[in-house]
Amino acid sequence: MSDYLYKGGSGAVTYTDMRDFYVTPNMVKELFPSEAPFLTFMANYPKKLTPPDPQFKMFEYRAPWVRQYIYVSTGATVSKNNTGVTIAITPTNSTGVESTFTSAVVGYKCRVYASDGKATPKPLLPSLGTVVVTVFNSATSIDVKCSSRAAVTIPTPAFLEVMSQESAEGASSPESFETQPKVVFNQCGITRTSFEITNVKKRAKMRGWSNYYAERYKQTMQMHKIHNEKDLMFSANPMGTNSDGAGTDTFADGTLTDADGKVMRPTYGIISIIEDYGISDETNEDCNIFTVPTAAYGYDQFVDQSEKAFLYSSDKDEPLFCGYGYMGIWSKMAGGGAFAAKSKWTTAIVMGQLEKGKLGFNVRTLETPNGIYRMIPVPSLQRSPYNNAAFAPAKEDVFMVEYEPDHYYQNIKTDNNPLLQKNEFVTERGIGMTNLPMHKMWIAK
């Protein structure tokens, strides 16, 4: 009688134990060899600081000369007869000037613009003329004189754009003013990832991995890296970071405890900071959350968004960490299609080839009219709600804060000789992030 390979059926010993179905019995193909590119970027590219305490504060400062506008709540007509006219001003919607007006405003030579009347107002062209501040009446009232060849009508509301400080012959030096730095804060969370294996299993000969213990070590280390990366992106805490500058967040310890009352100090991740404190109003110059409506997206919107995206970038060359879905959307747009048709544009988007970056992860270049994004796919974002999203950390204003270097502890479970080994990876780090408007986020829908 012939002896068949399948003799006895699927329940026989020949099938369940004797047959070797493994093409490569000592090899396991692994997924995501470059599993945490954002963590790699944070650990290698920006500066890395070691704070004296797991909680830390940072100063941020926005130079007043970037935009200096005084918001006028009640205007008036200013004739060119060298007569001062009183107008009402307010620090609300003013930028680049004192939070409480003082006599330092005397001598300001200003261009006058009407306000667009929106919730976050902006000045509108054309200029309505030029005035000089001559008298400081109070923190909400000043006198101005016409400095134009025709009378100037200051509407209600309006903006006075500070151009310089005009001085008369023989006049005293003007009063000085300063804008104070703002304080933002965060903390270093403790991330722990462990694995445990008995002595019996550690010595056993097994298919799959030639050294099961070594592979458990490797896989646990990769999981720890993923947990660290997700912390730096998505973590949040009750303390907040004060990134809106409103002073509503309170720097405090012990705001979160475990079941035993021990203090936990989770960091606040960069995506969570942008989402919780950022601005999605694209009419606002400080907008840093942009929507890409793929079904109705045109080149004009792409240009407007890229202008705001690179407004504060010094070298106009920024990293863009993205989900694979987001990268795929731009690849489709680069091919033209509906985007080109809506834009009446023959070549829609310019994208470079996929290349290996200097830190070891894949990079693809996205050229915009106002700067270049180095698109870096992040496995942690794939198959998640953020697959069609991306974020661009400003290199000058983000850094890793590491209270303690990474530790690997071996054989931490020794009581009563349990005949097993438990090892653990421990990390204590967080994100340092200043000047929120410099950090951008994109969401494709």
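Looking at (1) open to solvent by 70 Å² or more (accessible area, probe 1.4 Å); (2) within 30 Å of Asp286 (Cβ to Cβ), which is the only condition Asp231 fails?
Single failed check for Asp231: (1).
Considering every residue within the range 327-336, establish whether at least one is open to solvent by 60 Å² or more (accessible area, probe 1.4 Å) and either within 26 Å of Glu229 (Cβ to Cβ) or modelled with pLDDT of 85 or more (or both).
Of the residues in the range 327-336, the ones open to solvent by 60 Å² or more (accessible area, probe 1.4 Å) are 332, 335.
Subsequent filtering for residues that are either within 26 Å of Glu229 (Cβ to Cβ) or modelled with pLDDT of 85 or more (or both) retains none.
Checked the range 327-336: no residue is open to solvent by 60 Å² or more (accessible area, probe 1.4 Å) and either within 26 Å of Glu229 (Cβ to Cβ) or modelled with pLDDT of 85 or more (or both).
Only one residue in Ser313, Ser272, Ser280, Ser306 is open to solvent by less than 20 Å² (accessible area, probe 1.4 Å), at pLDDT 90 or above, touching a strand residue (DSSP E or B) at 6+ places or on another chain (Cβ under 7 Å) and not in a strand (DSSP E or B), so which one is that? Before the answer, list the steps.
Details: Ser313 fails: at pLDDT 90 or above; Ser272 fails: touching a strand residue (DSSP E or B) at 6+ places or on another chain (Cβ under 7 Å); Ser280 fails: open to solvent by less than 20 Å² (accessible area, probe 1.4 Å).
Criteria check complete, one pass: Ser306.
Let me spell it out: the conditions are (1) open to solvent by less than 50 Å² (accessible area, probe 1.4 Å); (2) in a strand (DSSP E or B), and Ala104 meets all of them except one. Which number is the exception?
That leaves (2) as the condition not met.
Restricting the search to the range 157-170, which residues are part of a loop (DSSP other than H, G, I, E, B), touching a residue at least 12 places away in the same chain (Cβ under 8 Å) and over 12 Å from Thr90 (Cβ atoms)?
Scanning the range 157-170 gives Glu166, Ser167.
Return yes or no: is Glu424 of a type outside the set (Lys, Arg), surrounded by fewer than 21 Cβ atoms within 10 Å (Cβ to Cβ), more than 30 Å from Tyr312 (Cβ to Cβ) and at pLDDT 85 or above?
Yes; evaluated as a whole, the condition is true for this residue.
Since Lys182 meets every condition but one in (1) touching a residue at least 60 places away in the same chain (Cβ under 8 Å); (2) of a type outside the set (A, V, I, L, M); (3) open to solvent by less than 70 Å² (accessible area, probe 1.4 Å), which condition does it not meet?
Failed condition: (3).
Have a look at Ile279, Ile329, Ile274 and point out the one that is within 30 Å of Thr427 (Cβ to Cβ) and either out of contact with any helix residue (DSSP H, G or I) (no Cβ under 8 Å at 6 or more places or on another chain) or of a type in the set (A, V, I, L, M) (or both).
Just a single option satisfies the conditions, and that option is Ile274.
What is the one condition in (1) open to solvent by less than 50 Å² (accessible area, probe 1.4 Å); (2) without any contact (Cβ under 8 Å) to a residue 12 or more places away in the chain; (3) out of contact with any strand residue (DSSP E or B) (no Cβ under 7 Å at 6 or more places or on another chain) that Thr248 does not satisfy?
Only one criterion is unmet by Thr248, namely (1).
Find all pairs meeting these conditions: Cβ atoms under 9 angstrom apart; at least six residues apart or on different chains; first residue within the range 276-294 and on the phi > 0 side of the Ramachandran plot; second residue in a loop (DSSP other than H, G, I, E, B) and open to solvent by 20 Å² or more (accessible area, probe 1.4 Å).
Within 9 Å, no pair qualifies.
Restricting to the range 48-98, count the residues that are among the charged types (D, E, K, R), open to solvent by 50 Å² or more (accessible area, probe 1.4 Å) and in a loop (DSSP other than H, G, I, E, B).
Count: 4.
The values are calculated or read from the model by the stated rules, or taken from the named source; none is laboratory data. Since we're looking at a predicted model, the values are computed, not measured. Here Cβ is always computed from backbone atoms with ideal geometry, including for glycine, and neighbour counts include all displayed protein chains. Surface areas here come from the heavy atoms of the whole protein model, side chains and all, with no ligands, DNA or RNA. Shrake-Rupley method; radii C 1.70, N 1.55, O 1.52, S 1.80 Å.
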